[in-house]
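The next block holds one structure in the form of structure tokens; read it before the comments.
The values are calculated or read from the model by the stated rules, or taken from the named source; none is laboratory data. Here the structure is a predicted model, which is why all the values come from computation and not from measurement. Please note: Cβ atoms are built from the backbone with ideal geometry, for glycine as well, and neighbour counts cover all protein chains shown.
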Amino acid sequence: MTSTLVPEVNNDGRIYRLNQHMAAFVTSLGGFALGVTLGWNSSAGAILRNILNASGTEVGLIGGILNAGACVGVMFMPFFMKYFSRITAMSLTMPGFIIGWTFVCCAGQKISLLIIGRFICGMSGGAFCILTPIYIAEIADQNSRGRLLMYFQLLINCGIMYAFVAAHVLNEHDAISRYNFICAVTCLVVALVYLLPESPFYHLMKNNEIKAKNSLKWYRGQTYEDVEIEELKYLVSQSGKITINVLKNRCVISSFFTCFFAFLTQQLSGVTIMIFYALTLFNFGGSGDLTGSEQTVLIGGVQILSCFLAMGLVDIIGRRLLLIVSSILMGLFLILLGWFYKLRDQDPEYDDIYFWMPPTWTTLFFATFNLGVGPISWALIGDVFPMQIRETAIACAVAFNWLLSLIATMTFGEMLDALGVSKTMWLFASSCWIAGALCALLLKDTRGHSLAKIQKSFGIEDGQVEINGIEQTFDIERL
């Protein structure tokens, strides 16, 4: 049995893209819950210093332990997905969020409970970093996949914005318990994934073609159903068979390096550090006519708007150009930010004249990050790996991202002591440019390509799969 490529989608409404967008949004709500936990650290850190007299090391550990939890949660996912469906796996992360936030809300004066709670929240958030891109890639049509995969970064930004706004509205140093509760309730939105059908790919993995077709009808309507089912059968035939030949494949190695360099660009730019310590950095570096709290809210809004812009541009100009423009501009604004700090150290009056610079360069840095590097990093892992190693490869790439984030967060203080603020910004800028250039060099353009066509590009052997008790063979050359 052979398959053909999915035809171009007509713009006559036959493809049910609204259902695809809704599913991408709902599954990305795990990113929203993760974003809240990221944004929480910025405002809570200052409160912890004042109320609990927490040391800088303790505050750093409370922030960084989230990354460690995410790294651990990510590594368990390939094994977890062998026994649970995509929807079930996402649903099972909610108890982790609830338990983690319960520790945070009940911590009181105990730093240890905060650390435990943040670690558990990180595990649940890290799980979504794998589950969401995989699910979206499996349900999206070839012309929408690029945009849909960016929902994850968009919802992370919405979660960060929620945490920033909540802290700004409360604006009380004795409101830590209320702030914790307001952030904690957001994890309940994850329950909405129960409303979604399982992906057709998963049903075919379980040899249930009838359920796979029903799922595909929900996402596509009747159009191209049979053709896409054939392609999905082919993808199932190729999945889960890790061999030395696959790992030695040049295209596979290139995909690994593409993702690693994308995450290097993201984390070595210092973006996670700036999110974690946004309020502290603005209070230290200046925020113009705005308070530090108001500046964090502005940053949160800019991130959301720029991510929307990226979703509109990605299928027009492609991932590579967006990534190049984003990394170049990020580095430029970091250079300018470091230059300001250097001049201010030499002449304190410089701050009175050019007080607008720190908030301007920082805002533009976050805007350009979310225009390319941020959303593209998460979009890449959805379709850049062959089916044989997809879950394991994504787990390695995402774990690498969170490990980098942990290292950057925990060493930030030492970098400031050793290099000063200006040179630290310049180090971030150079890392951003180098890693971004290497990623852009290796990045493949998959606009308008089906997953089957992407799989074909790796040149990996044919496969067999048993569907409804019938063994079916697929010839990759006829795709």
Residues satisfying the stated conditions in region 214-231, i.e. modelled with pLDDT of 85 or more and of a type in the set (Gly, Ala, Ser): 215
Suppose the filter is buried (at least 23 other Cβ atoms within 10 Å of the Cβ) and not polar (S, T, N, Q); does residue 321 pass it? no
Note on region 164-190: residues at pLDDT below 90 and among the small types (Gly, Ala, Ser) are 166, 167, 175, 177
Checking residue 141 against (1) surrounded by 24 or more Cβ atoms within 10 Å (Cβ to Cβ); (2) not in a helix (DSSP H, G or I), only one condition comes out false. Which one? (1)
Considering only region 444-453, I want to know if a residue exists there that is in a helix (DSSP H, G or I), surrounded by fewer than 21 Cβ atoms within 10 Å (Cβ to Cβ) and in contact (Cβ under 8 Å) with a residue 60 or more places away in the chain. yes
Pull out all pairs, ordered by first then second residue, where Cβ-Cβ is under 9 Å, the residues are six or more apart or on different chains, the first lies in region 107-125 and is farther than 25 Å from residue 90 by Cβ and free of Cβ contacts under 8 Å to residues at least 12 places away in the same chain, and the second is among the aromatic types (Phe, Trp, Tyr) and part of a helix (DSSP H, G or I). 113/103
Selected residue (criterion: modelled with the lowest pLDDT) from residues of region 250-275 that are under 24 Å from residue 38 (Cβ atoms) and of a type in the set (S, T, N, Q): 272
Going by the structure shown, is residue 85 over 20 Å from the mean Cα position of the chain (by Cα) and more than 22 Å from residue 167 (Cβ to Cβ)? yes
Can you say whether residue 69 is of a type in the set (Gly, Ala, Ser), touching a residue at least 12 places away in the same chain (Cβ under 8 Å) and farther than 30 Å from residue 383 by Cα, as far as the supplied structure shows? no
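Condition first: surrounded by fewer than 19 Cβ atoms within 10 Å (Cβ to Cβ) and in a helix (DSSP H, G or I). Now tell me which residues in region 91-104 satisfy that.
91, 95, 98, 99, 102
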Selection count, region 177-221, where residues are farther than 20 Å from residue 87 by Cβ and without any contact (Cβ under 8 Å) to a residue 40 or more places away in the chain: 3
Within region 389-397, can one find any residue that is part of a helix (DSSP H, G or I), within 21 Å of residue 326 (Cα to Cα), of a type in the set (Gly, Ala, Ser) and at pLDDT 90 or above? yes
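Restricting attention to region 144-169, which residues are aromatic (Phe, Trp, Tyr) and buried (at least 24 other Cβ atoms within 10 Å of the Cβ)?
151, 152, 164 - these are the residues of region 144-169 that are aromatic (Phe, Trp, Tyr) and buried (at least 24 other Cβ atoms within 10 Å of the Cβ).
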Given region 247-349, what helices (runs of 4 or more DSSP H) lie entirely inside it while holding 1 or more residues that are closer than 22 Å to residue 394 by Cβ? 250-267, 271-276, 292-317, 319-346
Condition met for residue 234 (modelled with pLDDT of 85 or more and among the hydroxyl-bearing types (Ser, Thr, Tyr)): yes
Neighbours by Cβ (under 8 Å, 6+ apart or cross-chain): first from region 9-38, among the charged types (D, E, K, R) and part of a helix (DSSP H, G or I); second at pLDDT below 90 and surrounded by 17 or more Cβ atoms within 10 Å (Cβ to Cβ): 17/141; 17/144
Got a sec? Which of 249, 245 is touching a residue at least 60 places away in the same chain (Cβ under 8 Å) and surrounded by fewer than 16 Cβ atoms within 10 Å (Cβ to Cβ)? 245
